[in-house]
Amino acid sequence: MKSIAVVGAGIVGICSAYFLKKSGFKVTLIDREDPGTMTSFGHACSFADYANVPVNYPGLIWDVPKMLLKKDGPLAVDFFYILKNIPWALSFLKNCKKEKVDEIASSLTNLLKHSQISYDEIFKEVNVQEYISHEENLYLFDTKKSLENYEYANVIRKNNRVNVRNLNKEEVKELEPNIADVYYAGQLFIGSRHTTNPLAISTKIFEKFLELGGVYIKQNVTNLIQKENSIELSLGNKKINFDKIIVSAGAWSNKIAHMIGDKFPLDTERGYHILFETNEKLINRPVAWSESGFYLIQIHDGIRAAGTVEIAGLNKSPNSKRISMIERQSRKVLPQLGNVKSTWMGRRPTLPDSLPIIGKSKNNNNIIYAFGHQHIGWTLGAVTGKIIDSLSQDHIPNIDISAYSPSRF
């Protein structure tokens, strides 16, 4: 029985560890934090199998100045950080050409169309139905202009057979009567679903992994040494040998890749959420607000407002202006919101072409990468885990993963 270490216990690592254990491997999941408590905890709660439109899009370079000047816009940028990372920014902009965006969208669709069935395979054994709602996700446009500007996304989704239903103002009101009269129109993502408690789902899958005989070590990986027939991981004062290593450490994955000579243009998009108190049911589904780039979701312990994008790296402190903006705009959309219970910031692992890295290291066939899922790591957790299981068995996955190859950089 081959031994495998999965480094990183977010949803991608948890699902990978689960499928690997089901296949008979001796699996150790490793993270310095508790499973599911980092980026996989604080997102917008959607199984967003419709999210095939990349952050890169044609004309973005001309829209960025307007976004930055907009006080309540979806994007914030630390210019000093960008100046230190100009090659990444230029690579990102190169991927905004129309032909490249179409290629990226097709590759994302290829993964997303398998996302729900892969989770359902887990959910046959791990009962999480109490944490899942099938009320479809709603996207609101604040003005006619913002709806017209979104046409590029509509074309991409139509070309990739993603089912979207356009709604007029009256139809939106019928679905969500408590939303304030601040929107122009909406869209409904047909067949989408969401969770009311992402940490509970991560925990239940993790507990099943342990029940199957998996091992969890709460430690930071401080070194990795390649040996002739194994890989040695240093965990504090302890050194353990494994046959294979899965690197699924999100925005921190490059630190481990560097240990074996791999280097990727991995950066992070910082996202925020606010949790509001509420004693009543105010919304039925995730409601996205186009003006500011976040979702409102009623979850088990309140209403979460989650989203936006901030380019500022891994280490900068949370931006209080982003938190204030989300609160202000949330109350504009849903005035009945109660007091703020808590705030949070997370780091989405992001590559300049908006595609994840899934595949074997070019420097070591026994090191497999699974990171860089950007805004849709929660959605792609299970399907990525299935692919990692196939690669670990030296099988060809039943999904074409060439677009996500580590060798593309």
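For the reader, a short list of remarks on this structure follows.
- Residue check for Ile156: open to solvent by less than 60 Å² (accessible area, probe 1.4 Å), under 21 Å from the mean Cα position of the chain (by Cα) and of a type in the set (Val, Ile, Thr): yes
- Residues in region 161-208 that are open to solvent by less than 10 Å² (accessible area, probe 1.4 Å), touching a strand residue (DSSP E or B) at 6+ places or on another chain (Cβ under 9 Å), in a helix (DSSP H, G or I) and touching a residue at least 40 places away in the same chain (Cβ under 8 Å): Pro198, Ile201.
- The set of residues in region 98-143 that are among the hydrophobic types (A, V, I, L, M, F, W, C) and touching a strand residue (DSSP E or B) at 6+ places or on another chain (Cβ under 9 Å) comprises Leu111, Phe123, Val128, Ile132, Leu138, Leu140, Phe141.
- Looking only at region 255-264, residues that are of a type outside the set (A, V, I, L, M) and open to solvent by 20 Å² or more (accessible area, probe 1.4 Å) come to 4 in all.
- Within region 314-340, tally of residues that are among the polar types (S, T, N, Q) and part of a loop (DSSP other than H, G, I, E, B): 5
- Cβ-Cβ contacts under 7 Å between residues 6 or more apart (or on different chains), taken from a first residue in region 296-322 that is touching a residue at least 60 places away in the same chain (Cβ under 8 Å) and within 13 Å of Ile274 (Cβ to Cβ) to a second residue that is of a type in the set (Ser, Thr, Tyr) and surrounded by fewer than 20 Cβ atoms within 10 Å (Cβ to Cβ), are listed as Ile299/Thr196.
- Meets criteria (open to solvent by 20 Å² or more (accessible area, probe 1.4 Å), more than 30 Å from Ser407 (Cα to Cα), touching a Phe, Trp or Tyr at 6+ places or on another chain (Cβ under 7 Å) and not β-branched (Val, Ile, Thr)) for Lys332: no
- Here is the figure for region 4-25: residues that are at positive phi and open to solvent by 10 Å² or more (accessible area, probe 1.4 Å) total 1.
- Residues (farther than 25 Å from Ala251 by Cα and within 20 Å of the chain's Cα centre (by Cα)) located in region 303-334: Ile303
- Those residues of region 283-308 which are under 16 Å from Glu176 (Cβ atoms), open to solvent by less than 10 Å² (accessible area, probe 1.4 Å) and outside any strand (DSSP E or B), in sequence order: Ile283, Pro286
- Filter pass, Leu108 being surrounded by 13 or more Cβ atoms within 10 Å (Cβ to Cβ) and in contact with a Gly (Cβ under 6 Å, 6 or more places away or on another chain): no
- Pairs, first under 15 Å from Val126 (Cα atoms) and modelled with pLDDT of 95 or more in region 1-27, second among the aliphatic types (A, V, I, L, M) and open to solvent by 10 Å² or more (accessible area, probe 1.4 Å), C-beta under 6 Å, six or more apart: Lys21/Leu212
- Criterion: of a type in the set (Gly, Ala, Ser), touching a strand residue (DSSP E or B) at 6+ places or on another chain (Cβ under 9 Å) and not in a loop (DSSP other than H, G, I, E, B) - qualifying residue of Gly385, Gly381: Gly385
- Among residues of region 231-249, those that are in contact (Cβ under 8 Å) with a residue 24 or more places away in the chain, assigned to a loop (DSSP other than H, G, I, E, B) and surrounded by fewer than 19 Cβ atoms within 10 Å (Cβ to Cβ), counted: 1
- Residue in region 124-144 that is closer than 30 Å to Asp353 by Cβ, surrounded by 14 or more Cβ atoms within 10 Å (Cβ to Cβ) and among the small types (Gly, Ala, Ser) present: no
- Residue check for Thr343: part of a helix (DSSP H, G or I) and in contact (Cβ under 8 Å) with a residue 60 or more places away in the chain: no
- Only one of the numbered conditions (1) touching a Cys at 6+ places or on another chain (Cβ under 8 Å); (2) crowded, with 16+ Cβ neighbours inside 10 Å is not met by Ile61, and that is (2).
The values are calculated or read from the model by the stated rules, or taken from the named source; none is laboratory data. In this text the structure is predicted, and so the values were computed from the model without any measurement. A quick note on method: Cβ atoms are made from the backbone with ideal geometry, for glycine too, and the neighbour counts reach across all protein chains shown. In case anyone asks, the SASA skips ligands and DNA or RNA and just uses the protein heavy atoms, side chains included. Shrake-Rupley method; radii C 1.70, N 1.55, O 1.52, S 1.80 Å.
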